[in-house]
Amino acid sequence: MDEYPSCPICFDFYGIEQTHIKAPKVLTCGDSLCKECLAGIIKKSQTDFILCPICQKEEKIYKNLDDYITNKELIRLMNAYFNISKKDIDNDDENKPISYKIITLGDSGVGKTSIFARLLTEKFEGNYKSTLTVEISTPYYVKYKKNKYELFFYDTFGQEKMSSILPKNYLRESDGVFFIFDISNQDSFINLEKWYTLYKNQKENVVGILIGNKCDNERQVEYNTAKKFAEEHDLKYLETSAKLDKNVKKAIATLLEQIIESQKKLYINITPLNKSPSFNISKEKQKEKKGCCSRSKKK
Ligand code: GDP
Ligand code: MG
């Protein structure tokens with residue numbers, strides 16, 4: 001029988017530690033669900049009993065959530081799985097950094113080149129010649145959680161007509177994107193939708209952040225307006241100043257974190273070919289199978 005190491009109620013993957021909020025807890029009937037969903041069900045109960053959400057059997061509530069046994073078998077499976085992916089994600093070889101490509105998109109003059117230059121040279125020269133097509137930087141090395149990363153910045157030009165001539169493979173090949181506008185220039189904010197669409201058309205899964213640059217200038221775009229745009233497009237929002245070196249490193253750290261997270265998610269959707277279990281069952285399928293999935297015997 002297949003076992004799916006995700007909660008059959010919220011479909012989130014189980015936590016890989018016993019203390020995790022999503023740790024799998026076993027009910028007397030043998031069904032498992034995550035600690036968070038169990039807590040939610042208990043909270044709603046008016047009596048000392050709940051119904052198992054999977055088999056509908058009556059279950060006496062324990063006073064303490066931790067009195068419910070943790071399903072160690074599911075944790076073991078998750079751990080085995082994560083160790084496989086960890087081997088690929090973590091990089092033990094100090095000399096071999098993990099490479100990512102980061103692209104900037106935004107109107108001409110918003111400070112795309114200045115932001116990269118600030119990172120690479122720790123300077124603000126304030127007068128960069130227009131980028132003609134796409135310029136690839138020398139690598140920018142960072143260390144993050146024991147791993148070394150080598151980031152290549154793809155600096156683009158931001159002319160109106162560019163969308164037709166910007167080589168699309170740069171967009172497709174990028175691992176992350178900075179959408180940049182100038183908070184003192186309303187038009188550069190309005191044009192963001194175009195940049196976003198241009199990117200999204202090439203890359204379904206947008207891993208990026210929104211940057212409002214020139215925060216040392218008087219603003220034309222309110223913080224909340226930009227933040228709302230970011231949220232609507234599932235992006236984090238940061239305001240930077242390449243000139244004053246404000247938040248520039250934070251921007252790159254935030255994007256790098258997102259890239260790493262997105263790569264982990266990629267692994268989660270991989271089905272190991274060696275043996276079961278299968279990890280990539282769709283939520284719809286899980287719903288269909290509701291009632292048998294995640295069931296495991298109480299130890
Ligand atoms: P790009 O066309 O998007 O690459 O923009 P640039 O990096 O070439 O910058 C365009 C202009 O904005 C230049 O005159 C920069 O000096 C200026 N600039 C860039 N970043 C900032 C910033 O953080 N604050 C201010 N006040 N000016 C900036
Ligand atoms: Mg430029």
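Worth pointing out:
- Subset of 143/200; 43/63; 148/250; 148/264; 25/72 violating a 19 Å alpha-carbon distance limit: 143/200
- Normalised convex hull volume, region 180-238, alpha-carbon set, Å³ per residue: 65
- For residue 240, the residues whose amide H sits under 5 Å from its own are 212, 213, 214, 215, ignoring neighbours fewer than 5 places away on the same chain, with H placed 1.01 Å from N.
- Per-peptide packing, taken as the mean over residues of other Cβ atoms within 10 Å, places 207-217, 252-262 in the sequence 207-217, 252-262 from highest down.
- Packing-based exposure ordering (other Cβ within 10 Å, fewest first) of 66, 175: 66, 175
- The slack between residue 120 and residue 170, meaning 0.36 nm per residue of separation minus the straight C-alpha distance, is 16.0 nm.
- Cα-Cα separations in region 1-81 greater than 17 Å, expressed as whole percent: 40
- Low-density loop cleavage sites - GluC sites (Glu not before Pro) in region 159-252, where at most 10 other Cβ are within 10 Å (DSSP): 160, 204, 218
- As a proxy for reagent exposure, ranking 11, 153 by other Cβ atoms within 10 Å from fewest up yields 11, 153.
Computed from the coordinates by the stated procedures, all read-outs in this text should not be read as laboratory data. What you are looking at is a predicted structure, and each value in this text was computed from that prediction instead of being measured. Virtual Cβ from ideal backbone geometry, glycine too; neighbours counted across all protein chains shown.
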